[in-house]
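This report concerns only the one structure given below.
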Amino acid sequence: MSDLHVEEASVDDAAAIREVIHSAFAARPRLDPPTRALDESVASVAAAIERDGALLGRVGGIPAGALLFADEGDGALRLRRVSVLPHLHSRGVASAVVARAEEVAAHRGHDDIVLRTRSGLPATVAFWMRRGYAEVERDGTYLTLAKALPVEVAAGSADDSRALGKRIAALARPGDVVILTGELGAGKTTLTQGIATGLQVRGRVTSPTFVIARAHPSLVGGPALVHVDAYRLDGTLELDDLDLDTALEESVTVVEWGEGVAEGLSTDPLRVRIARLRGDDDVTASPGGEDAGRPGESEVGLMDLRAITITPTGARWVGAGVRSHLTASPSQVAL
Ligand SMILES: Nc1ncnc2c1ncn2[C@@H]1O[C@H](COP(=O)(O)OP(=O)(O)OP(=O)(O)O)[C@@H](O)[C@H]1O
Ligand SMILES: [Mg+2]
């Protein structure tokens, strides 16, 4: 919907947001226990906005969707009273509001988004699942759904990529699967070398030319690294294909070219996508221009820059602090 706009709300929007909440929740099926959303007053909504903020989506300038934020100081940003006017369902309003909420959460430095819904609302639960939210808790009819937020960092050199790999290793636990995506020469093996350093495993990580997978045992009693290169592999990856003595539950498995082939290895992989930012346009377009020679913008640096997007999937990464951990280093600038 092109005339759809979602903005962070001010207390002046409290009455409009209360209206959207009331219309949306009044139209839902009756649940037991009944929702308290209908008890929200302009004052209670204003207080919530004052405390932690809110979003208001408008279609053609008219309030159409809303939610309230709640920050309980545990790293997660909670979404409350997620509401869309009933006659605007399936028109992209909810998606736009949630997308904006994820931006706000990342901008505020949160790792995760958390919300509660009811098992008696299957369409609502399906809506969240499609957007990558996973069930983390069930208490009677109440479900807690959560999503660990993705993070994008810049790596200007192979060493930057290795440093990021090392940080990923610090997050990893036995049984984790890291799916690496990126064109030829994007730096997948380089990142894996950093993971190997972080895990303190034996052997040099190289591109496995004749084998699909290689196991690197731990030197410190931790998990082994299983390094898989699925480039030559057709179809999906089965455990048996790997032909390893090492059990994946006791290892951290990293799969280059893993997208679409390694999904069978884990329901909750950490997806890492490496994109080479070709600086040609920006850099060579103005060789003698006023930007030339700006500190930190050598041709080499910009030409070789990688944008690395880490997308945690599934409940495994909720509460793991992925975003804050991977952006904590000064050399890893969040894009
Ligand atoms: N962030 C980076 N910045 C600049 N150069 C990098 C970066 N990461 C890796 N490189 C360099 O890019 C080249 C290719 O890296 P690497 O072999 O890791 O890519 P790959 O994605 O594994 O390739 P393949 O598709 O063949 O498996 C190497 O010379 C490496 O040093
Ligand atoms: Mg490689």
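The values are calculated or read from the model by the stated rules, or taken from the named source; none is laboratory data. These figures come from a predicted structure and were not determined experimentally. Here the Cβ is made from the backbone with ideal geometry for all residues, glycine too, and neighbour counts use every protein chain on show.
Which condition number does ASP245 fail, the rest of (1) away from ligand 2 (no atom under 16 Å from the Cβ); (2) part of a helix (DSSP H, G or I) being met?
(2)
What single numbered condition from (1) away from ligand 2 (no atom under 16 Å from the Cβ); (2) touching a residue at least 12 places away in the same chain (Cβ under 8 Å); (3) more than 17 Å from LEU326 (Cβ to Cβ) fails to hold for GLY221?
Result: GLY221 passes all but (2).
Give just the number: which of (1) at pLDDT 95 or above; (2) on the phi < 0 side of the Ramachandran plot does GLY319 not satisfy?
The failed condition is (2).
Just the residues that are surrounded by fewer than 14 Cβ atoms within 10 Å (Cβ to Cβ), over 22 Å from GLY92 (Cβ atoms) and within 29 Å of the chain's Cα centre (by Cα), please, taken from region 1-49.
Correct list: SER10 only.
Restricting the search to region 1-28, which residues are within 19 Å of GLY60 (Cα to Cα), of a type outside the set (Val, Ile, Thr), in a helix (DSSP H, G or I) and in contact (Cβ under 8 Å) with a residue 40 or more places away in the chain?
Correct list: ASP13, ALA16, GLU19, SER23, ALA24.
Taking the residues in region 213-242 that are in a loop (DSSP other than H, G, I, E, B), over 28 Å from ALA158 (Cβ atoms) and at pLDDT below 85 as candidates, determine which candidate is farthest from ligand 1 (Cβ to nearest atom).
GLU238
For region 166-212: of the residues being in a strand (DSSP E or B) and away from ligand 1 (no atom under 14 Å from the Cβ), which is surrounded by the fewest Cβ atoms within 10 Å (Cβ to Cβ)?
Taking the candidates together, the pick is VAL201.
Just to be sure before I move on: is ALA307 touching an Asp or Glu at 6+ places or on another chain (Cβ under 7 Å), over 24 Å from ALA76 (Cβ atoms) and at pLDDT 85 or above in the structure I sent?
Yes: the conditions hold for ALA307.
For the condition within 16 Å of ligand 2 (Cβ to nearest atom) and out of contact with any helix residue (DSSP H, G or I) (no Cβ under 7 Å at 6 or more places or on another chain), what is the one hit in LEU184, LEU164, LEU180?
Going through LEU184, LEU164, LEU180 in turn, just one is within 16 Å of ligand 2 (Cβ to nearest atom) and out of contact with any helix residue (DSSP H, G or I) (no Cβ under 7 Å at 6 or more places or on another chain): LEU184.
Picking from LEU31, LEU55, which residue would you name as being part of a loop (DSSP other than H, G, I, E, B), within 20 Å of THR124 (Cβ to Cβ) and in contact (Cβ under 8 Å) with a residue 24 or more places away in the chain?
LEU31 is the lone residue from the list that is part of a loop (DSSP other than H, G, I, E, B), within 20 Å of THR124 (Cβ to Cβ) and in contact (Cβ under 8 Å) with a residue 24 or more places away in the chain.
Could you tell me which residue of region 129-155 is farthest from ligand 2 (Cβ to nearest atom), considering only residues that are crowded, with 19+ Cβ neighbours inside 10 Å and over 14 Å from ILE310 (Cβ atoms)?
Filtering region 129-155 for residues that are crowded, with 19+ Cβ neighbours inside 10 Å and over 14 Å from ILE310 (Cβ atoms), the one farthest from ligand 2 (Cβ to nearest atom) comes out as LEU143.
State which residue is surrounded by the most Cβ atoms within 10 Å (Cβ to Cβ) when the search covers only region 86-120 and only residues that are closer than 24 Å to ASP39 by Cβ and either charged (D, E, K, R) or modelled with pLDDT under 95 (or both).
LEU88
Is it the case, given these coordinates, that VAL252 is under 18 Å from VAL177 (Cα atoms), in a strand (DSSP E or B), modelled with pLDDT of 85 or more and more than 13 Å from ligand 1 (Cβ to nearest atom)?
Taking the combined requirement at face value, the residue satisfies it.
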